[in-house]
Structures are given as C-alpha cells and as structure tokens.
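Structure first, commentary second.
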Amino acid sequence: MSAPEKEMSSSAAHQGQAFALNDASLEELEAFFLARGEKSFRAKQAFRRIHHLGSRCLDDFTEFSLPLREKLKQENALPGLFLKESSVSRNGTEKYIFESPEEVPGRDGLRKRVFESVWIVSDGRDERTRKTLCISSQAGCTLNCSFCATGTLPFIGNLRTYEILDQIYQIVHLRQERITNVVFMGMGEPFHNYDNVIRAARILNHPEGLHLSARHITISTAGVVPAIHRFIDERQPFNLAISLNHPDPEKRKPLMDVTERHSLQELLQAARRYTTELRRRITFEYIMIPGQNMDPEDLDKLIRIARKLRCKINLIPLNTTLQGWRAPTAAEIMDFQNALRNAGILAFNRGSPGKDVDGACGMLALRSLSGTTPEKTKASEI
Ligand code: SAH
C-alpha cells in the first residue's frame with residue numbers, strides 16, 4: 001500500500017479521537033472496560049445494547065451502575081449522527097443526509113462531515129423483497145471519477161466506524177423495517193477507509209449485532225489494488241464488487257484516475273486472485289456511457305475480460321450529465337446487455353432507483369442541502 005493510502009486507511013482509534021463505545025469491536029470494548037477496572041462482560045452487554053437492541057442513549061444501559069453510566073455520558077461515549085434531511089423518490093427509494101457530531105479543522109475553519117445514504121427496495125431472489133441500504137464510507141472522496149458527482153465535493157474525511165453503522169441503525173429505527181442488504185456504494189472509496197469499513201462490516205455480521213449475512217454485505221471499490229489483496233489475504237467473507245467501467249487500460253484512465261496509480265492489468269489480476277483463492281464470483285460494475293465505453297470495440301474487450309474469470313456484470317446507466325455525457329437510451333441498454341448475455345456472460349441492468357431525488361449511483365453530492373449544482377466552493381461552505 002502506498003504512503004497516502006496507508007495514512008487514509010489507518011484506524012480511527014489511532015487518530016487521537018475520543019473513544020466511543022459504538023466505534024469499537026467486541027474485543028476493543030473488552031480491552032476498554034478491563035483498562036477501567038470493570039469486568040470484561042460489560043463489553044458484551046454494551047455491544048448487544050448498541051448493535052442488537054439499537055440503544056441510542058446510555059440511560060438504556062440499565063445493567064450498568066449509575067456512576068458508570070454517568071461517567072460514560074460525561075465522556076460522550078455514545079455519539080450519534082444528526083439526520084439533516086430525507087427525500088422520498090417516486091419509486092420509494094429514500095435518500096438521507098447525515099451530519100457528524102464531530103468538527104474537523106479545514107481551510108475555512110471547522111467543518112463537519114456530511115454524507116448521504118440511500119434506501120432502495122427491489123425484487124430479490126425467490127420473489128422476496130430486497131431492502132438495501134447504500135451507505136457512505138467517506139465524506140467526499142479523494143478519487144476523481146469523471147462521471148461521479150461525489151468527486152466534485154471537497155474531501156472532509158474518513159467516516160469512523162460508528163458513523164458508518166449509525167447510518168444503518170438510524171434508518172432502520174426510523175423506518176421500523178428490517179434491511180436485507182448493505183452495500184458500501186454511497187459516498188467515498190471504502191478501500192481508502194479499509195479498517196473502519198471492515199470493522200463496521202464485521203459488527204453488522206456479528207451474531208450479537210444485527211447478524212446480517214456476510215453475503216448480504218457488499219463492498220465496492222474503484223480499484224485500490226493493494227487493499228483488494230489485503231481483503232483476500234484476510235479471507236474477508238463479504239462480497240466484493242469492482243467498478244470496472246472501462247475495459248481498455250488507457251481509456252479507463254481519463255474516466256477513473258485511480259487507474260494512474262493501479263493499472264487495469266493489476267486490477268484484473270487481483271480480481272482473478274479473488275475468484276480463484278476465495279472461490280467466489282466477483283461482481284463488476286459497468287457504467288454505460290454512450291460514446292465512451294459502449295462501442296463494439298469496448299464490448300469485445302469487456303467480453304474478453306469477463307470470459308477469463310468467474311464474474312457477473314452489473315450494468316448501471318449513467319446518471320449524471322457531467323462532461324456533457326448523456327444517459328443511454330432503453331434500446332442502447334438492451335442491446336448492450338443482450339450482446340453480453342449472448343456471449344454467455346451474466347449481465348444485469350441495475351437501473352437507476354432514486355434518480356429524481358439525486359439518490360442514484362454517482363449522484364450523491366449533497367445537492368438538496370446546498371440547493372444547487374454541486375461545486376467545490378459551494379460544498380465547502382457546508
Ligand atoms: N468508490 C466506490 C463506491 C462508490 S460509487 C466505487 O467506485 O466502487 C458506487 C458505484 O456507482 C460505482 O460502481 C460507480 O462506478 C457508480 N457510479 C458512479 N457515478 C455514477 C454515475 N454518474 N452514473 C452511474 N453510476 C455511477
């Protein structure tokens with residue numbers, strides 16, 4: 001991992017931030033209580049309260065003594081996000097905008113991390129409704145994918161583990177509905193915040209927490225190759241999706257600047273290693289942008305890539321008009337998808353749920369808060 005990436009993925013616990021109960025793994029909670037002269041079983045009690053029962057207030061921790069509760073309150077040991085806004089789309093998709101309680105120094109003074117999550121209802125397998133939460137891992141993003149609105153915002157920082165989880169807990173609480181899937185496809189590059197993202201995913205998967213199946217948790221990366229290798233080395237049980245978006249090593253560069261640092265060849269090698277060593281299918285996401293990556297030549301290259309490894313392709317029609325690019329027509333989408341299927345490749349059209357509330361893929365740019373088209377200067381005032 002290169003130096004800047006290392007820096008960005010280092011754990012929140014090591015960045016001098018105050019300890020928060022809802023930011024820690026069960027093991028970290030045990031160490032915390034033991035260090036304070038408390039019994040280690042307090043950790044399990046706290047973990048269950050927070051992650052299984054959804055407690056948002058230390059007064060709920062009735063198994064703790066009053067002095068211990070008071071002390072933890074003084075230390076602000078159970079911080080939570082503020083819900084700033086939510087908007088419902090015509091098809092039932094709902095977008096939420098959250099603000100962190102923490103202030104971080106920026107060029108223009110103190111700023112708070114602001115980020116979005118999207119609730120998506122769709123048809124799943126076996127006619128069961130799939131209720132997916134698309135969550136953010138960073139406030140802004142350091143990558144500059146030319147089609148993505150999040151890249152136009154200033155980067156305010158990695159989300160801490162509790163900030164990742166609280167998006168889910170608050171939405172579940174508000175809606176009083178269970179979720180079936182969590183996808184790290186909101187704002188940010190999850191693999192630039194590796195430790196906090198994996199800690200959050202493990203907590204979601206934990207039997208004493210929500211106990212969400214690991215196969216229902218998907219982490220999507222633009223192609224941070226060293227982190228993919230780490231994910232494989234650690235045998236992480238979560239689904240991995242790679243935003244491929246262009247099958248040509250040179251033409252992918254202007255679309256996704258991450259390609260300058262990690263070549264397409266290295267990325268595909270890592271993807272292949274994932275499929276062979278973990279014996280799992282990898283998901284490629286592929287934005288369809290007419291004139292950029294949908295020509296017959298692109299299709300041929302994509303087919304050649306997909307035939308070499310066990311994969312499926314999730315097609316996403318372009319949702320933004322950045323660069324003056326347009327979305328594909330229904331006929332263009334169908335032709336592209338059929339060509340892949342006729343070549344024997346699993347290809348699905350993911351569609352664009354939530355487009356009318358700027359909640360679809362690549363549209364997360366806090367637009368409804370600022371009330372304008374996203375611009376770096378505007379967003380930095382938030
Ligand atoms: N950084 C991660 C996760 C965030 S983006 C990643 O790149 O995978 C989640 C998905 O939305 C990615 O597959 C990305 O390629 C796609 N996306 C981004 N902008 C888009 C846009 N304008 N239209 C359609 N899909 C977009």
Collect the residues in segment 302-320 that are in a helix (DSSP H, G or I) and surrounded by fewer than 17 Cβ atoms within 10 Å (Cβ to Cβ), keeping them in residue-number order. Arg304, Arg307
Across segment 321-342, which residue is surrounded by the most Cβ atoms within 10 Å (Cβ to Cβ) among those that are farther than 19 Å from Ala149 by Cα, among the hydrophobic types (A, V, I, L, M, F, W, C) and out of contact with any Leu (no Cβ under 8 Å at 6 or more places or on another chain)? Met334
Could you tell me whether segment 248-263 includes any residue that is of a type outside the set (S, T, N, Q) and more than 23 Å from Ile305 (Cα to Cα)? no
For segment 354-365, give me each residue that is more than 9 Å from the ligand (Cβ to nearest atom) and in contact with a helix residue (DSSP H, G or I) (Cβ under 6 Å, 6 or more places away or on another chain). Asp358, Ala365
Contacts under 6 angstrom Cβ, first residue in segment 299-313 being farther than 13 Å from Leu244 by Cβ, partner part of a loop (DSSP other than H, G, I, E, B), 6 or more apart: Arg310/Arg281
Could you look through segment 169-182, keep only residues that are out of contact with any Ser or Thr (no Cβ under 6 Å at 6 or more places or on another chain) and of a type in the set (S, T, N, Q), and pick out the one that is nearest to the ligand (Cβ to nearest atom)? Thr180
Based on what the data block shows, is Thr142 at pLDDT 95 or above and surrounded by fewer than 22 Cβ atoms within 10 Å (Cβ to Cβ)? yes
Scanning segment 158-180 residue by residue, the ones that are more than 14 Å from the chain's Cα centre (by Cα) and buried (at least 17 other Cβ atoms within 10 Å of the Cβ) total 6
Test: Ala214 is under 25 Å from Pro353 (Cβ atoms), surrounded by fewer than 24 Cβ atoms within 10 Å (Cβ to Cβ) and of a type in the set (Gly, Ala, Ser): yes
Counting residues that are under 21 Å from the mean Cα position of the chain (by Cα) and modelled with pLDDT under 95, which helices (runs of 4 or more DSSP H) fully inside segment 321-382 reach at least 2? 367-370
Assess whether Gly351 counts as being more than 10 Å from the ligand (Cβ to nearest atom), touching a residue at least 24 places away in the same chain (Cβ under 8 Å), more than 19 Å from Gly188 (Cβ to Cβ) and exposed (fewer than 14 other Cβ atoms within 10 Å of the Cβ). no
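The values are calculated or read from the model by the stated rules, or taken from the named source; none is laboratory data. Every value quoted in this text rests on a predicted model; they were computed, and no experiment measured them. Positions of Cβ are backbone-derived with ideal geometry, glycine not excepted, and every protein chain shown enters the neighbour counts.
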